[in-house]
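No value in this document is a laboratory result; all are computed from the given coordinates. Computed from a predicted model, the values in this text were never measured in an experiment. Don't worry about glycine lacking a Cβ; one is built from the backbone with ideal geometry, like all the others, and counts go over all protein chains shown.
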Amino acid sequence: MKEVFFSDYLRKRARKSVVVCVAWAGIALTLLLAGIATGIAVILASGAVAVVVSLFVAARRGPIYTAYRCGIRGEQVLRIHLLSSGLGDDHTAYYNLPLNGNGKASDIDCILVGPSGLFVFETKHHHGLILYRNGTWARIKAGRRGTLYWGQLGNPSGQLYCNIRRLKELLGKTDGLWFNGAVVFTNPRVILDVEGLRWVKAVAVNDLKQILSKRTVLSAEQIDRINARLSAFVK
């Protein structure tokens, strides 16, 4: 299997969170040391305020950083499974195709192109029980003491639908090409209970081979056309 890497979106976002936290901590430390050295009350007070602000920033940015790190881990797990799935060089995996829309930057985690079809994957590294009913996603996980509580999940299938729609726009004329969409849950501690999901699928990463059908559904001409279009976005 060939691989193409477009961007480093998640790592850049994670680094940005760290930089912001470190910058505020540095400001607070500098003001405090300057205040202690000079004995000027105004500088000491400013340092105290900066400490409070830095703690607030850390409290806000910490969970964001953790989420990005989980996203990075999920993409790594998906890549490992694709590499071990036995796909030949007639398949190409594209990672992190950047997207921009409605003033927001995002990316498509993985696009796989080959004789078995065109696949669009959205990875999630959540653990716990994942439920989907009547258009709503929910997540139940256990705390450190075994207490069950609702966790944040969002709408991964909605995100995937949006990514597929925008990918169709980028590819242009697709001649009725079918886009196989799947939300891939990569955490080994995940349990899926998904019913009624339309147009796309949700699978644990260990079941990914069920998605990758071995029957030929794309011609060599179609594959070359898609690969040429996607390769045009490589910087």
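Structural remarks
- V217 paired with D90, simple spin-label distance in nm, labels 7 Å along Cα-to-beta-carbon: 1.6 nm
- Helix 156-171 and the long axis of the chain differ in direction by around 60°, with both axes built from C-alpha atoms.
- Spatially close lysines, pair count over segment 91-233: Cα under 23 Å, gap of eight or more or interchain: 10
- Available extension along the chain between A58 and A45 is 2.7 nm, counting 0.36 nm per residue and deducting the alpha carbon span.
- Charge dipole (Cα centre; +1 on Lys/Arg Cβ, -1 on Asp/Glu Cβ; no other charges) of the chain amounts to roughly 560 debye.
- DSSP beta bridges in segment 2-231 [antiparallel fraction, %, rounded to 5]: 50 percent
- The angle separating the long axis of helix 220-231 from the principal Cα axis of greatest extent in the chain is about 20 degrees.
- What the pair-distance distribution of segment 2-231 shows, using all Cα-Cα distances binned every 5 Å from zero, is 1, 6, 12, 14, 15, 13, 10, 7, 6, 5, 4, 3, 2, 1, 0, 0 percent.
- The chain: angle of helix 41-83 to the longest principal axis, Cα-based, in degrees nearest 10: 20 degrees
- Efficiency of FRET between A23 and L131 - r from beta-carbon atoms, R0 45 angstrom, step 0.05: 0.70
- Separation in nanometres of the label points that stand 7 Å from Cα toward Cβ, at E195 and Q210: 1.6 nm
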